[in-house]
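The values are calculated or read from the model by the stated rules, or taken from the named source; none is laboratory data. All values derive from a computational prediction rather than experimental measurement. No Cβ is skipped: glycine too gets one built from the backbone with ideal geometry, and neighbour counts run over all protein chains shown. Heads up: the accessible areas ignore ligands, DNA and RNA and are worked out on the full protein's heavy atoms, side chains in. Shrake-Rupley method; radii C 1.70, N 1.55, O 1.52, S 1.80 Å.
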Amino acid sequence: MTMEKRSFDTLIVGAGGGGLRAALQLSQADARVAVVSKVFPTRSHTVAAQGGVNAALANVSPDNWHWHMFDTVKGSDYLGDQDAIEYMCRAAPRAVYELEHFGVPFSRLDSGKIYQRAFGGQSRNFGGEQAVRTCAAADRTGHAILHSLYQQNIRARTHFFDEYFAVDLVQNQQGYFLGAVAMDIASGEPILIEAKTTILATGGVGQLFRTNTNALVNTGDGMAMALRAGIPLQDMEFFQFHPTGIAGKGMLITEGARGEGGYLLNGDGERFMERYAPNARDLASRDVVSRAIATEVREGRGVGPNGDHVLLKLDHLGSDIVKKRLPGIRDMVMTFLHIDPAETPIPVYPTAHYTMGGIPTNRHGQVVVPVQQGAEEPVPGLYAVGECACVSVHGANRLGGNSLLDILVFGRAAANHVIRHLKEQRYHQPLPEDASEPAMQRLARWNREGKGESIAGLRIALAKTMEEHCGVFRNQDVLREGQEKVLALRERLAEAYIDDHSQVFNTARIEAMELENLVDTALATVSSALAREESRGAHSRIDFPERDDQHWLKHSLFSLEDLKMDYKPVRIKPLTVESFPPKKRTY
Amino acid sequence: MKFSIYRYDPDRDAKPYMQDYELPEAQIQPGMMLLDALLLLKADDETLSFRRSCQEGVCGSDGMNINGRNGLACVTPLASLNKPVEIRPLPGLPVIRDLVVDMEQFYQQYRNAKPYLINDDPCPEVERLQTPEQRDQLDGLYECILCACCSTACPSFWWNPDKFLGPAALLQAWRFLADSRDQATEERLNNLEGPFRLFRCHTIMNCVEVCPKNLNPTRAIGRIKELMVKRSL
């Protein structure tokens, strides 16, 4: 079968904020860049980010990048790599000013400067009073950023392959990555996109869990492609549950709602966060607040007929603040719950939100793997940025407002590294004859005719399994059973068929391949969680309730082959400043 | 609950047809949105094709014609709809398959509106200043999600999708004209001259009627026309 082939300097898979920030940097440097996305770029999930992006601009209160760095290291429960965190926090103000120059409609202060609001886990002076660090465009910051980045890419004439589904990476015998095979969803035609460098920017995998804040497209495609290419995934046991999803439904209510002065109440009408975090209260780190809510509900102090949620109270803020600063969540709550949050508290419960783990990279976005017991080395030709990557700046728990920052800083950093690389490497590596064979087999597998379980049914079974076996609180028995169930689901998926064999916009085939990606990332998540016998950040083991720095201050690496777990040290040493050694973490 | 849904797969069907579906009442929950129902129908018939992603009205994927009116399936309550619910693709654009339309003409017109900030001054090392009042001018404009509900409800766009920019693109044209940081007013107005690009709008206001984000493209178009008139005096 002959396949169309296109050739670019750089291929970017994914058109969310990370992919588009990288694309813009590359296009402006006159590199030939192709962006492949399974949805039109502005449909990417960055669009749903609400509260804002962290940068120590000090527009509202005194601030500096070093305090931001401290908060991020502490928020990560000391699992974050401090060189990458220093790099990100130093780069943050510039990254935000650049966005402003790109046209992002940030909300403004009376001074005319960018509006900033309080967010969880932020402090002044290394753990002192609340900082005000999160730069916002009302509560639609992700939308504003994603659209502006797409718009600037239009201006820069970036080449887009909209609604192309990336099937698999392409590499040569020496392990050099040479692009990817993608499928034009509208026509069903495969295409080989050859590139000197490939950047994965495919986002997170929130669809692992039944109740989540994520879009249906967040199926971990890039992570699974990396796994299949023999690259391990790092720290996948750390999955963030956002404290305030709409109870039972999952839609996100931004942390900015608490940043603007909202707070949580239990069934007794008690402001219970005062017990869990006496200083930061409702603005403690997300892992802390989520555990507190889950504990209140487990101990019978929930709200509602089933006592299965708590309330987020905003009505004391006044209608003007709610309408001006939180218009998007007001609309959403009115649409989905038929209540006005300016008058009635919102029922909320922790909801699967963000993948801290991902494809291991260094702070230049280069994918890195350990080489035969030795130090890790970059994988030639392959980069990853954003939620699909693990730099690791979020460690065991991400701070609110640091995800938009991550995609901007490392999207840009990866692009800059690629640009330097392209100067040295003028020609494409020869492409082996059979380079696209694995991807083609993966596509052909879903053309088989037969009768089996439905993809939709298996996807629900997987999400229920992960919710029941890999949720906020975990223990060995529950996790082991979860791992067995995921492995069984993986076998059942191998025997599944689809009925739809049309070539035209075949969403059944896309969903089948997405489920393959979900199952592999689920296996990485539950296996890494089973192996880590301590509690750190978002990973709470009831059977190992304490953090154990002596044995577990290290990153997990999960490989698909034999479900092997490996570990590597945390990079404790920052670039220029003193290291923040692990301390007991209280808020 | 009964549905009648437009079906067409060029790989299999000689021509489009309407297919009846029934969703068992037992599967219907209070507060359910149309998209939830479509996902349940698709779980049973995986050939039914439509776009969807965020499920909360911010990504703009699932615009469709619902009982004769354009809207987003994910924020349209089932309870608000007359039964049987008749669902067709957005009108006026070529159908790829079922409820999936080819949006290229719509995106082309968006690009034609130069939807990006133009300011050729050297970038300051901090943000450009903008007062809260100047920033307020962008409210009701920047929130567009490019779902195409408005442009595909506009008779002027149906007739001239290649020449008339349509309400969504013109809303973005005004979004940048209204931005105190943008310097390309002349260039933008020149770009909208002629009988078609802007002036095909006959203030029918279907766009305002259907916008799922409650935006008002007609008002934005009016503001551009005012600027045009002011400039010609």
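What the table below lists for this structure:
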quantity	calculated
One residue from B:L81, B:L41 being touching a Phe, Trp or Tyr at 6+ places or on another chain (Cβ under 7 Å), of a type in the set (A, V, I, L, M, F, W, C) and more than 10 Å from chain A (Cβ to nearest Cβ)	B:L41
Neighbours by Cβ (under 7 Å, 6+ apart or cross-chain): first from the range A:291-308, outside the structural domain of A:S535 (by TED's automatic domain parsing) and within 12 Å of A:Y349 (Cβ to Cβ); second loosely packed, with under 15 Cβ neighbours inside 10 Å and small (G, A, S)	A:G307/A:G300
Verdict on B:V100 being at the interface with chain A (Cβ under 8 Å from one of its Cβ atoms), free of Cβ contacts under 8 Å to residues at least 60 places away in the same chain, open to solvent by 30 Å² or more (accessible area, probe 1.4 Å) and touching a Lys or Arg at 6+ places or on another chain (Cβ under 9 Å)	no
Sole residue being of a type outside the set (K, R), within 14 Å of another protein chain (Cβ to nearest Cβ) and open to solvent by 20 Å² or more (accessible area, probe 1.4 Å), chosen from A:F160, A:F165	A:F160
Listing of helices (runs of 4 or more DSSP H) fully contained in the range A:418-523 that carry 2 or more residues being within 14 Å of chain B (Cβ to nearest Cβ)	A:455-469
Any chance B:R128 is touching a Gly at 6+ places or on another chain (Cβ under 9 Å), within 12 Å of another protein chain (Cβ to nearest Cβ) and surrounded by fewer than 20 Cβ atoms within 10 Å (Cβ to Cβ)	yes
Strands (runs of 3 or more DSSP E) enclosed by the range A:337-394 - at least 1 residues per element that are closer than 30 Å to A:P327 by Cβ and more than 15 Å from the chain's Cα centre (by Cα)	A:346-355
Flag if B:R135 is surrounded by 14 or more Cβ atoms within 10 Å (Cβ to Cβ), within 14 Å of chain A (Cβ to nearest Cβ) and not in a loop (DSSP other than H, G, I, E, B)	yes
Residue in the range A:68-89 that is crowded, with 24+ Cβ neighbours inside 10 Å and at the interface with another protein chain (Cβ under 8 Å from one of its Cβ atoms) present	no
Check on B:N70, in contact with a Cys (Cβ under 9 Å, 6 or more places away or on another chain), of a type outside the set (F, W, Y), more than 14 Å from every other protein chain (Cβ to nearest Cβ) and under 30 Å from B:I28 (Cα atoms)	yes
Output for the range A:457-470, where each listed residue is closer than 14 Å to A:L530 by Cβ and open to solvent by 10 Å² or more (accessible area, probe 1.4 Å)	A:T465, A:H469
Test: residue in the range A:269-279 that is open to solvent by 10 Å² or more (accessible area, probe 1.4 Å) and touching a Gly at 6+ places or on another chain (Cβ under 8 Å)	no
Answer from B:C144, B:C150 - the residue that is within 16 Å of the chain's Cα centre (by Cα), closer than 28 Å to B:N70 by Cβ and away from chain A (no Cβ under 14 Å)	B:C150
Any chance A:R210 is part of a loop (DSSP other than H, G, I, E, B), of a type in the set (K, R) and more than 14 Å from every other protein chain (Cβ to nearest Cβ)	no
Strands (runs of 3 or more DSSP E) lying entirely in the range B:24-113 (those with 1 or more residues that are basic (K, R), in the same structural domain as B:R7 (by TED's automatic domain parsing) and under 24 Å from A:S454 (Cβ atoms))	B:95-97
Which listed residue is in contact with a Cys (Cβ under 7 Å, 6 or more places away or on another chain) and among the hydroxyl-bearing types (S, T, Y), from A:T197, A:T202, A:T141	A:T202
Count of the range A:196-254 residues which are touching a helix residue (DSSP H, G or I) at 6+ places or on another chain (Cβ under 8 Å), of a type in the set (S, T, Y) and closer than 19 Å to A:N172 by Cα	1
Selected residue [touching a residue at least 24 places away in the same chain (Cβ under 8 Å), touching a Lys or Arg at 6+ places or on another chain (Cβ under 6 Å) and not assigned by TED's automatic domain parsing to the domain that holds A:T198] from A:G328, A:G318	A:G328
Matching helices (runs of 4 or more DSSP H) fully within the range A:1-106 where at least 1 residues are of a type in the set (K, R) and in contact with a Phe, Trp or Tyr (Cβ under 8 Å, 6 or more places away or on another chain)	A:65-75, A:82-102
Residue that is open to solvent by 30 Å² or more (accessible area, probe 1.4 Å) and more than 25 Å from A:M332 (Cα to Cα), where the choices are B:P30, B:P24	B:P24
Filtered residues of the range A:516-543 (kept if open to solvent by less than 10 Å² (accessible area, probe 1.4 Å) and in contact with a His (Cβ under 9 Å, 6 or more places away or on another chain))	A:V526, A:S528, A:A529, A:R532, A:E534, A:G537
Of all residues making up the range A:110-137, the number that are open to solvent by 10 Å² or more (accessible area, probe 1.4 Å) and within 8 Å of chain B (Cβ to nearest Cβ)	3
Enumerated helices (runs of 4 or more DSSP H) restricted to the range A:219-282, each holding at least 3 residues that are within 14 Å of chain B (Cβ to nearest Cβ) and under 15 Å from A:G357 (Cα atoms)	none
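Residue-by-condition table, conditions (1) surrounded by fewer than 19 Cβ atoms within 10 Å (Cβ to Cβ); (2) of a type in the set (A, V, I, L, M, F, W, C):
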position	(1), (2)
A:D477	yes, no
A:Q483	no, no
A:L487	yes, yes
A:P545	yes, no
A:K554	yes, no
A:L563	yes, yes
A:K568	yes, no
A:T576	yes, no
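Every residue, every condition in (1) modelled with pLDDT under 95; (2) touching a Ser or Thr at 6+ places or on another chain (Cβ under 6 Å); (3) within 14 Å of chain B (Cβ to nearest Cβ), yes or no:
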| site | (1), (2), (3) |
| --- | --- |
| A:G16 | no, yes, yes |
| A:L20 | no, no, yes |
| A:S27 | no, yes, yes |
| A:V33 | no, yes, no |
